[in-house]
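Q: Once you've had a glance at the structure underneath, I'll fire off some questions.
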Amino acid sequence: MMPTQTLFARRHFLASALASAAVLPSARVLARTATSVSQRFSTVLARYAQDILRLSPETATSLGMDKGANAPLKSRLSDLSPTGNAVWARHLKAMKAELGGIERAALNPAEQIQYDTVNYAAGVGIAGDVFFYGGAAQGFFGRAIPYVVSQQDGTFSSLPEFLDSQHIISNAADCEAYLARVSGMARALDQETARIASDAARGVMPPSFLASNALGQLTEFRKTPAAQQKLVTSVRERASKLGIAGDWAGRATKLVEQLVYPALDRQITAFARATAKAPDTAGVYRLPDGEAYYRWALKLGTTTTMTPEEIHQIGLQQNGEIKARIDQILKSQGMTQGSVGERLQALTKDPKQLFPDTDDGRAQLIAYLNQCVANARAILPRFSRLGLKAPLTIKRVPTDIQNGAPLGYMNFAALDGSRPAIYYVNLKSTALWPKYQLPTLTTHEGIPGHAWQGAYLAEHHEEIPLIFSEMGFNAFVEGWALYAEQVCDELGLYDNDPLGRLGFLQGQQYRACRLVVDTGIHAKRWTRAQAVNFMVQETGRGADAMTSEVDRYCAWPGQACGYKIGQLQMLRERERARAALGARFDLPSFNDAVVRTGGVPLSILPTAIDQYIAASKA
């Protein structure tokens, strides 16, 4: 790398030499200077990306980067202690300082977008370091998760599924790395346990209803005989299938019995003690500096500077507009009695819309989701010209974590193609997912939503700095998926399926209501019951499903606001590009331009679209 001072001295020397010959700096000299800055910038981003893999070995595995020189990372887990948080904070500050020494103006337009994006991420992560609790300082971009362990967060629930679905086993070394991580699980649990006690002493613990759910999950996990734990069965079954010699199951069982379970016992005791007198207050405003924390969480979740009140009002407005469209479709289907929410509730409970709540019914539902993927792929030529393969597997959320898991979510594919994207659907009960809601869920989680956007990062990883696969801006990722839902409707996916279109609109309305509820809980001091009632009455979704969703917003403030805010920004940018380009506007090209950014904050997206407009006019 070339220090900024040296670069400046070289430029000054070249300019002086040329000036003495009574000429201006040539284009070749300026290009050479720009190239040197670009090379330095590229080197810095690559080093940052490698640092992030080192600090987050799980990320290395998720991306398929735990090979070659990074192979030792496959045996490791992140440091969840305050020391680990401090290392992340120092890393972010050093990163931002080094970026400040790079001449942004000397970079090409694409690199300037990359510069702004990484600089933004580092800045927001640093801003979260002032909050001692939860995951504010852990990770590159920070995590607005105030509670170390909750119904949806914690090593006990995340690590077994991670090892089963993302830790690739192909030889004995992979099995040894797997066992090393099982052993490391005890350390991770103890690190969390120390933070649970420390946070509780300073007034931070999940509300009683989240704590009760999480304690039940911890207890159920502990009741399972070690030999039956996924931690054991996963390595046993995969090693056996490949004929990898070794007593992998026996060794894993001993690790669970001798290390993991004792650490889990310590965590259960500490968690029960820390939450024994937890309030039922849903919002984070009750936490130390809670109002400031929520403002930071909203910035993290939306990558904007919008206030809670602004977001709340957008949610109310969007809800009203979408409900009017839903009302028209319901009436066209002969459903005229009652409020929109009441009619949607009736449709949600209609036996014709429900798969049997049996293992066979769950298999039927997943088969239907695969058909929905095929239907969405059929319209891709009118959606994009990227030609991505976007392999996708659909799975049920594992039963051992389904009580606290989201209703649907996506794990992006590994960059090296070793693992496809995995689309998870929560089938604790098939009643959570009436048939008419599933096509739009699939366009969101699968094609052309998350799986498509993630596929670009995987299939074009040589063109995109690795660090873009390590960031994941919530408002971009979720906004894109919601935008993709709408474009599928615009391209006619539901022209012969009015109930499918109803499901799409209900999904859009549902995300609008999230804006209302998330800000209601954390800024307007709504109760959990108030939030659940609003969601049920407005969206018509079931009370159990909406209770699970509201609990998610309580444990992850601000995240649910990224969907609608991101979608609305992308729609504004699309209309701006359409107005600027007129007859030259091309929908697939616009969509591809958004995806090709690699994922940027909403505050930076307009600059990227400015570049797209300029290139389209050239």
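Q: From the Cα trace of the chain, what convex hull volume per residue do you get, rounded to a whole Å³?
A: Considering the Cα atoms of the chain, their hull volume per residue is 159 Å³.
Q: Looking at the calculated P(r) for segment 91-230, what percent of the C-alpha pair distances fall above 26 Å?
A: Looking at segment 91-230, the distances longer than 26 Å represent 46 percent of pairs.
Q: Hey, another quick one. Positive end of the dipole of the chain, charges at C-beta (+1 Lys, Arg; -1 Asp, Glu), about the Cα centre: which of P439, S208, L287 has its Cα farthest in that direction?
A: Of the candidates, L287 comes out farthest on the positive side.
Q: Binned at 10 Å from 0, what are the whole-percent values of the Cα-Cα distance distribution for segment 136-218, short to long?
A: Per 10 Å bin, starting at zero, the Cα-Cα P(r) for segment 136-218 comes out as 16, 41, 30, 12, 2 percent.
Q: What whole-number volume per residue, in cubic angstrom, does the convex hull of the C-alpha atoms of segment 155-280 give?
A: 89
Q: Most exposed first by the Cβ proxy, i.e. fewest other Cβ within 10 Å, how do D592, D153, D518, D66 rank?
A: Result, fewest neighbours first: D592, D153, D66, D518.
Q: Show me the GluC sites (Glu not before Pro) within segment 180-238 that DSSP assigns to loop and that have at most 13 other Cβ atoms within 10 Å of their Cβ.
A: none
Q: Please work out how much length the chain gains when fully extended from R385 to A227, using 0.36 nm per residue of separation minus the C-alpha to C-alpha distance, in nm with one decimal.
A: Net length gain for the segment: 52.0 nm.
Q: With label points built 7 Å along Cα→Cβ from the Cα atoms of A431 and E309, find their separation and express it in nm.
A: Computed distance between label sites A431 and E309 equals 4.1 nm.
Q: Pop a pseudo-label 7 angstrom from the Cα along the beta-carbon direction at both K254 and D497 and give the gap in nm to one decimal.
A: 5.3
Q: Further question: Using only the Cα atoms of segment 291-569, construct the convex hull and provide its projected area averaged over every direction, in square nanometres to one decimal.
A: 14.6
Q: Run through segment 407-466 and list the GluC sites (Glu not before Pro) located in a DSSP loop whose Cβ has at most 14 other Cβ atoms within 10 Å.
A: E462, E463
Q: For segment 320-448, report the translational diffusion coefficient in µm²/s to the nearest whole number, using Stokes-Einstein at 25 °C, 0.890 mPa s, and a Kirkwood Rh over Cα pairs.
A: 149
Q: Under the Kirkwood approximation for Rh and a Cα-based Rg, what ratio Rg/Rh is obtained for segment 571-617?
A: Working: Rg = 9.7 Å, Rh = 10.5 Å.
My calculation puts Rg/Rh at 0.92.
Q: For D359 and A180, what does the FRET efficiency come to when R0 = 41 Å and r is the distance between their Cβ atoms, rounded to the nearest 0.05?
A: After rounding, the FRET efficiency stands at 0.75.
Q: Still on this model: Could you list the square roots of 5 times each eigenvalue of the Cα gyration tensor of segment 410-511, that is, the equivalent ellipsoid semi-axes, sorted largest first and rounded to whole Å? Please list the in-between numbers first.
A: Working: eigenvalues 144, 46, 27 Å².
They are 27, 15, 12 Å, listed largest first.
Q: Cα convex hull of segment 211-345: mean projected area in nm², to one decimal? If you can, show how the numbers build up before the last one.
A: Details: hull surface 62.5 nm².
Over every viewing direction, the Cα hull of segment 211-345 projects on average to 15.6 nm².
Q: So, one more: Between E220 and Q611, 0.36 nm times their residue separation minus their Cα-Cα distance comes to what?
A: Length gained, E220 through Q611: 135.4 nm.
Q: Starting from the exponent 0.38 and prefactor 2.2 Å, build the expected Rg for segment 475-618 from its residue count and divide its actual Cα Rg by it.
A: The value comes to 1.20.
Q: Further question on the same structure: Would you mind telling me the antiparallel percentage of the DSSP bridges in segment 291-569, rounded to 5?
A: Working: 4 of 9 bridges.
Here the antiparallel bridges make up roughly 45 percent for segment 291-569.
Q: Based on the Cβ-Cβ distance from A583 to A374, what FRET efficiency comes out when R0 is 35 Å, to the nearest 0.05?
A: The pair A583/A374 has a calculated efficiency of 0.55.
Q: If you place +1 on the Cβ of every Lys and Arg, -1 on the Cβ of every Asp and Glu, and leave all else neutral, what size is the dipole of the chain about its Cα centre, to the nearest 20 Debye? Kindly include the intermediate steps, with their values, before the conclusion.
A: On the way: 65 positive and 57 negative charges, 132 e Å.
The calculated dipole for the chain is roughly 640 debye.
Q: Dividing the Cα convex hull volume of segment 343-417 by residue count, how many Å³ per residue is that? Can you show the working numbers first?
A: Working: hull volume 11.7 nm³, N = 75.
Residue-normalised Cα hull volume stands at 156 Å³.
Q: Restricting to the chain, what percent of DSSP beta bridges are antiparallel, rounded to 5?
A: Bridges in the chain are about 45 percent antiparallel.
Q: I would also like to ask the following. So which of K241/K435; K67/K241; K223/K428 end up more than 24 Å apart by C-alpha?
A: Result: K241/K435 exceed 24 Å.
Q: Using a basic spin-label model with each label point 7 Å from the Cα along Cα→Cβ, how many nm lie between E321 and A529?
A: Roughly 3.5 nm, to one decimal.
Q: Set Lys and Arg Cβ to +1 and Asp and Glu Cβ to -1, take the dipole of the chain about its Cα centre, and tell me which of L515, G503, A413 lies farthest positive.
A: So the residue furthest toward the plus end is A413.
None of the figures in this text is laboratory data; all of them are computed from the coordinates on show. From a predicted model like this one, the values you see are computed outputs, not experimental measurements. As a convention, Cβ positions derive from the backbone with ideal geometry for all residues, glycine included, and neighbour counts pool all protein chains shown.
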